[in-house]
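Values in this text are rule-based calculations from the coordinates and carry no lab data. Everything quoted here is computed from the prediction, not taken from an experiment. Reconstructed Cβ throughout: ideal geometry from the backbone, glycine too, with neighbour counts over all protein chains shown.
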Amino acid sequence: MNRINQKLQEDKKLLSIYFTAGYPSINDTATIIEDLEKNGVDMIEIGLPFSDPLADGPTIQASSTQALKNGMTTEVLFEQLKDIRQSVNIPLIIMGYFNPMFQYGVEAFCKKCQEIGIDGLIIPDLPVDVYHEKYQTIFEKYGLINVFLITPQTSDERIRYIDSISNGFIYMVSSASTTGAKVGFEKEQTQYFERIGNMNLKNSQIVGFGISNNQTFTQATEYAKGAIIGSAFVKHVTNEGINSIDKFVKSILN
Amino acid sequence: MNGNKENNMNYNVNEKGYYGEFGGAYIPEMLYPNVEELRQNYLKVMAEPEFQKEFNQLLKDYVGRPSPLYFAKRLSEKYNTKIYLKREDLNHTGAHKINNTIGQILMAKRLGKHRIIAETGAGQHGVATATVCALMGLECIVYMGEIDIKRQAPNVARMKMLGATVIPALSGSRTLKDATNEAIRDWINNPVDTHYIIGSAIGPHPYPDMVTKFQSIISEEIKWQLKEHEGRENPDYLVACIGGGSNAAGTYYHFLHENDVNIIAVEAAGLGVDSGESAATSVLGKEGIIHGCKTLLMQTNDGQITEPYSISAGLDYPGVGPMHAHLCKTGRAEFMAITDDEAMKAGLELCKLEGIIPAIESSHALAIFEQKSFKSDDVVVVSLSGRGDKDLENYIEYFKI
């Protein structure tokens, strides 16, 4: 069974962390992943940087620009992750925009992910219908779970459609925004979490965008299986480097 | 040159939003409701008699259409062929851009949007958007690269006078590509009340088709105007410069399936196609995804979008619209690349021979006459997409006037 599906069966709320590969320094990738696992993070999204990250706010944009300056490429990332499964057991997901994957070759990319032990992909700008029509069989051939996003504006009908095509979890974007745009939740968001929670979807939901501390983590996971933190973690490594990841994770979980 | 072309090839968008293999809507889910709302409504709205009436009335009374199709006698004599100029430079605000912004502002109103956002490079589309927002009394926010704001101060002032808020794009290379990213991010963050007026025939479906249809007034007029001049609707050649490609799309639209019309698309070679400082996407680009559509774009082997270069801010874009990518791939259009130097010379030549100061974008289209010969009885229609007022500083600096 895919590590993501195994993890989703555990009887706990899941904490997933996003970081931009190649940031702050080019060779931090493996260290960050190992430290996150050691400190009790359940799942990791490894951000493959892109020159034009449309769905991201300033924090992740800046980290992506720096990562590219540092020399991060698809090849370099795969090389850095080559032996990652010797030390890390939790689910690993690559999150990135479609063009770099498309240039690498979608099948070659998926094959490489399988060799390394990547469990899933999140590609915000690969539309559901294009995935379904052209790439689903390739992803499945290499045992990869593709994770789709929904937002408060996504219609129930479309959520059901996305649920039918998903086989892991649904990435529930907390508000219509780019990453890091908003901190905390208002009534509107908690009502949305509840609405989706009550839809009894076959896939679990994990909430992302707007989670930065213990309070928002708790709010987000009241109705959902887990939560993803991205911008807040990238900010943390920007300010404090990669030596105090334990401090960050503890501040969320305690 | 088009001998091997299939006569039944479709050059228009299909029901899924593709031109051949190009186009589509590669957008994050956050944009889906907005883009889907537009997709479901744009054709319906555009077909409404009331919409048509209002659109055409504004094009006539406010923009000043039809724009003349002018026989450029002295230019024709010099190159020993028959050259007509489609005078989009005479439109209100000085370029073809206003055709699209009039159409889209009427669309936005019918969709109940009251906040308008736009991206701009040189500022022409930003001015055209600020203009129609003032006309309709709608809030207007224009994203413009920080570097372009410095380079195009007069247009920034125009937008402000027209009541628009100009927000500098501070990310990436701080030019048009990044202004477009910022506008898209704004739309993600404002999913209900906002309409994004894209200025070129780019972006996710239905934008390339919608922009092309609003700009198609250009080719619609060329047909009847040429009939008056020459007794026939079809020219032998149609020439337009191409960045994202909205003036080109409008110039070609009604001739795409007229197989006796040769189509020439003129890209900016910058300092030269192989110089590393160029915007000749058809030569330097590869298939990929930019700003929500699959098309030809300039990128690294790793799929990172690269910075183009051209002296003309309006052609300084790393991609082309998906329709043009299809015209290129199928061979329907011949793509030519013109350097900064060639364009500047052609621009000055038009000043001296015809008393018309063209935008540097349009000067690229004019420069092909030095590269390609035409028969003396060929009818060549060139889209003069904009006037050169905005480029005076560039011309002054270049020619040390």
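What to note about this one:
- If R0 is 60 Å, the Cβ-Cβ spacing of B:Asn189 and B:Asp341 corresponds to a FRET efficiency of close to 0.90.
- Taking 0.36 nm per residue of separation and subtracting the current Cα-Cα distance, fully stretching the chain between A:Asn89 and A:Gln6 would add 28.7 nm.
- Shown for region B:1-131 is the translational diffusion coefficient from the Stokes-Einstein equation, using the Kirkwood radius over Cα pairs, a temperature of 20 °C and a viscosity of 1.002 mPa s: 118 µm²/s.
- Length released on extending from A:Ser244 to A:Ser25, taking residue separation times 0.36 nm less the Cα-Cα span: 77.3 nm
- Rg/Rh (Cα only; Kirkwood hydrodynamic radius) as it applies to region B:169-263: 1.13
- Where a label projected 7 Å from the Cα of A:Leu253 along Cα→Cβ would reach, residues of region A:23-42 with amide N under 15 Å: A:33-42
- Hull shadow area, averaged, the protein assembly as shown [alpha-carbon convex hull, nm²]: 28.6
- Evaluated at q = 0.09, 0.12, 0.14 Å⁻¹, the base-10 log of the normalised Debye intensity for region A:3-253, with identical point scatterers placed on the Cα atoms, takes the values -0.34, -0.63, -0.89.
- The separation of region B:150-195 from region A:45-102, counted between C-alpha centres, amounts to 28 Å.
- Relative contact order of chain B, defined on C-alpha pairs under 8 angstrom at six or more residues apart (%): 20
- Pairs from B:Lys44/B:Lys286; A:Lys134/B:Lys177; B:Lys97/B:Lys223; B:Lys329/B:Lys390 whose Cα-Cα separation, in the structure shown, is over 26 Å: B:Lys44/B:Lys286; A:Lys134/B:Lys177; B:Lys329/B:Lys390
- Residues of region A:83-112 with an amide N closer than 15 Å to a point placed 7 Å from the Cα of A:Thr137 along the Cα-to-Cβ direction: A:107.
- Using the Cβ-Cβ distance between B:Asn8 and B:Glu233 with R0 = 25 Å, the FRET efficiency computed as 1/(1 + (r/R0)^6) comes to roughly 0.75.
- Considering all C-alpha pairs of region A:173-238, those separated by over 14 Å amount to 53%.
- Taking packing as the residue-averaged number of other Cβ atoms within 10 angstrom, the listed peptides B:350-362, B:39-51 run from highest to lowest as B:350-362, B:39-51.
- Relative counts (whole %) of C-alpha pair distances in region A:81-150, using bins that are 5 Å wide: 3, 17, 29, 28, 13, 7, 2, 0
- Region B:16-55: radius of gyration and largest Cα-Cα distance (Dmax), Å: 13.1, 35
- Distant alpha-carbon pairs in region A:38-184 (separation over 19 angstrom), percent: 55
- Our Cα-only numbers for chain B put the radius of gyration and Dmax at 19.4, 56 Å.
- log10 of Debye I(q)/I(0), alpha-carbon scatterers only, for region B:306-390 at 0.19 Å⁻¹: -0.98
- Only Cα pairs under 8 Å and 6+ residues apart enter the sum, and on that basis the relative contact order of chain A stands at 23 percent.
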